[in-house]
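Working notes, structure below.
The values are calculated or read from the model by the stated rules, or taken from the named source; none is laboratory data. This one's a predicted model, so the numbers in the text were calculated from it and none came from an experiment. FYI the Cβ positions are ideal-geometry reconstructions off the backbone, even for glycines, and counts take in every protein chain you see. Heavy atoms of the whole protein, side chains included, go into the accessibility calculation; ligands, DNA and RNA do not. Shrake-Rupley method; radii C 1.70, N 1.55, O 1.52, S 1.80 Å.
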Amino acid sequence: MKLVVNKFDLLNLGKIAAIEIFCVLKDIKPISRLNVGETNLTKLSNILKKLNLCTEKSDYRFIPSIDDKGNFNVGVTQKTKQKKGDYFIYISKNKELIKKIKQLENNLKSGNDHKEIAKLLGYPKCCTDFYVNYRAEAVNKRKDDYTLISLKKSKSYVFDYQLNNVLRYFDIGLITFFPCSYQCKEALKMSKKIFEEIKKNSSEYANYLTKRLKCAIIYTDNDGIHVLKDFNFEKGIINYGKVESTCENKLNKQLSSSNKIKIVNKNFIKIMNNETLIKVLKKNAGILIFK
């Protein structure tokens, strides 16, 4: 399975990194931004130069923020002046655009700055407005992650698989931004454009993405993200086989020893083993089915 450009397999850099770089090469996005550890900076920079792309690292590092219980943290990062942490790497065909986005991020003060950054990154305007409007809730209540807010703004819990951005925590996805809802036409238009370009380049990788992105996901703020594999869905009930989780914890074990989900609504589910109730989730959690 390869995604080759100029004789280089982009997938060697990771799946999401590959797509972000691919989007710049195919003029789908003016700039892409990756988080990269210091040990990989030189290797990545050399590869990007071979691809005739401009690149610079951020002027600061950032580190993940972990809660006081050591729980899995889905989204938030904090800038740091310490000599540890990752960098952002900016990638573009235009060096001046990189200078512009770095200046905006170094002096980030308002929602308008966020909007300018999002525009450079190629995000839809409606999704950018959503990000700015719900930033306080995301930062203060949801560890800077918008997934459950996007779900709240959606009319159902069954969505097009090409809008599955939740699997980014497993290094899989077409889009890395948060859609204003999982029925957003502009976000879907962008993800389909990316998918079609990938399909032209590698039908094998496109088939892989289709298979992986079609899944059912239990998303929680504090207890990890859990992908239900080998599932079928009918009349509000999911029957499933294996579970893939971002962390091994009590919820992961409960899901792994069960085989059924009864959906009351998109934020209220019952975990069942056959007809035995194992656990109820209805706070800071949601169910998303991508078909």
Exercise for the section: Work out the FRET efficiency for residue 108 and residue 229 from their Cβ-Cβ distance, taking R0 = 35 Å, and round it to the nearest 0.05. Expected result: 0.35
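Mind checking the alpha-carbon convex hull of the range 161-291 and giving the volume per residue in Å³?
On the way: hull volume 14.2 nm³, N = 131.
In the range 161-291, the Cα hull volume divided by residue count equals 109 Å³.
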Fill in the blank from the handout: Taking a crude spin-label model, label points 7 Å out from Cα along the C-beta direction, the residue 129 to residue 38 distance in nm is 4.3 nm
Completion exercise
If amide H atoms are modeled at 1.01 Å from N in the peptide plane, then the residues at a separation of 5 or more from residue 86, or on another chain, having amide H under 5 Å from its own are 62
Practice task
Could you size up the charge dipole of the chain around its Cα centre, putting +1 on the beta carbon of Lys and Arg and -1 on that of Asp and Glu, and report it in debye to the nearest 20?
Solution key: 260 debye
Problem - Under the Karplus curve 6.51 cos²θ - 1.76 cosθ + 1.60, θ = phi - 60°, whole-Hz ³J(HN,Hα) for the range 24-29, x wherever Gly or Pro sits - result: 6, 4, 9, 6, 7, 10
Handout entry: Long-range amide H partners of residue 180 with built H, under 5 Å
Key = 127
Handout entry: Share of carbon and sulfur in the accessible heavy-atom surface of the range 87-133 [1.4 Å probe, %]
Key = 47 percent
Handout entry: Value of Rg to Rh for the range 78-158 (Rh from inverse mean 1/r over Cα pairs, i.e. Kirkwood)
Key = 1.02
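Count charges around residue 195 for me, please; just the other residues with Cβ under 12 Å from its Cβ, Lys/Arg as +1, Asp/Glu as -1. Don't jump to the answer; show the numbers that get you there.
Details: positive: 26, 189, 192, 193, 199, 200; negative: 160, 196, 197.
Computed value for this residue: +3.
How large is the accessible surface per residue of the range 97-226, computed with a 1.4 Å probe and reported in Å² as a whole number? Write down the numbers at each step before the final one.
Numbers: 5750 Å² over 130 residues.
Dividing the accessible area of the range 97-226 by its residue count gives 44 Å².
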Practice task
For the range 260-272, take each phi angle, set θ = phi - 60°, evaluate the Karplus expression 6.51 cos²θ - 1.76 cosθ + 1.60, and give the result in whole Hz per residue in order, putting x for glycine and proline.
Solution key: 8, 10, 9, 9, 7, 7, 5, 10, 9, 10, 10, 8, 10
Exercise for the section: Can you pull the one-decimal nm distance between simple spin-label points at residue 291 and residue 247, each 7 Å off the Cα toward Cβ? Expected result: 3.2 nm
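Of all the accessible heavy-atom surface of the range 153-291, with the other protein chains kept in place and a 1.4 Å probe, what percent is carbon and sulfur?
Details: 3030 of 6540 Å².
Result for the range 153-291: 46 percent of the exposed heavy-atom area is carbon or sulfur.
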Problem - 222 nm mean residue ellipticity, helices alone, for the chain (DSSP H n ≥ 4; -39,500 (n - 2.57); rounded to 500) - result: -10000 deg cm²/dmol
Completion exercise
On each of the three principal axes the extent of the alpha-carbon atoms of the range 166-213, given in whole Å and largest first, is 30, 22, 14
Fill in the blank from the handout: So, with points 7 Å from each Cα along the Cβ direction, the residue 99-residue 27 label distance in nm works out to 2.3 nm
Practice task
For the chain, find the longest principal axis of its Cα atoms and tell me its angle to the long axis of helix 203-213, 0 to 90°, nearest 10.
Solution key: 50 degrees
Exercise for the section: Over the chain, calculate the relative contact order: mean separation of alpha carbon pairs under 8 Å at least 6 apart, over the residue count, as a percent. Expected result: 16 percent
Exercise for the section: Taking the Cα centre of the range 158-287 as origin, sum charge times position over the Cβ atoms of Lys and Arg (+1) and Asp and Glu (-1), and report the length of that vector in debye to the nearest 20. Expected result: 300 debye
Handout entry: Under 13 Å from the Cα of residue 115 - aspartates and glutamates, other chains or at least 8 residues apart
Key = 105, 129
Fill in the blank from the handout: Projected onto the charge dipole of the chain (unit charges on the beta-carbon of Lys, Arg, Asp and Glu, signs +1, +1, -1, -1), the Cα from 60, 128, 101 with the largest positive-side position is that of 128
Problem - Charge dipole of the chain about the Cα centre (unit charges at C-beta), most positive-ward option of 25, 269, 165 - result: 25
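Rounded, prolate or oblate: pick one for the range 204-268, where a ≥ b ≥ c are the square roots of the eigenvalues of its C-alpha gyration tensor, a/c under 1.5 means rounded, and failing that, prolate if a/b is larger than b/c, else oblate.
Numbers: a/c = 1.73, a/b = 1.24, b/c = 1.39.
In terms of gyration-tensor shape, oblate.
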Handout entry: Contour minus Cα-Cα distance for residue 193 and residue 283 (0.36 nm per residue)
Key = 28.9 nm
Practice task
Kindly write out, for the range 110-115 in residue order, the coupling ³J(HN,Hα) from the Karplus curve 6.51 cos²θ - 1.76 cosθ + 1.60 (θ = phi - 60°), rounded to whole Hz, with x marking Gly and Pro.
Solution key: 9, x, 5, 5, 4, 5
Completion exercise
Of the listed pairs 192/262; 57/102; 43/192; 15/152, those with alpha carbons more than 20 Å apart are 192/262; 43/192; 15/152
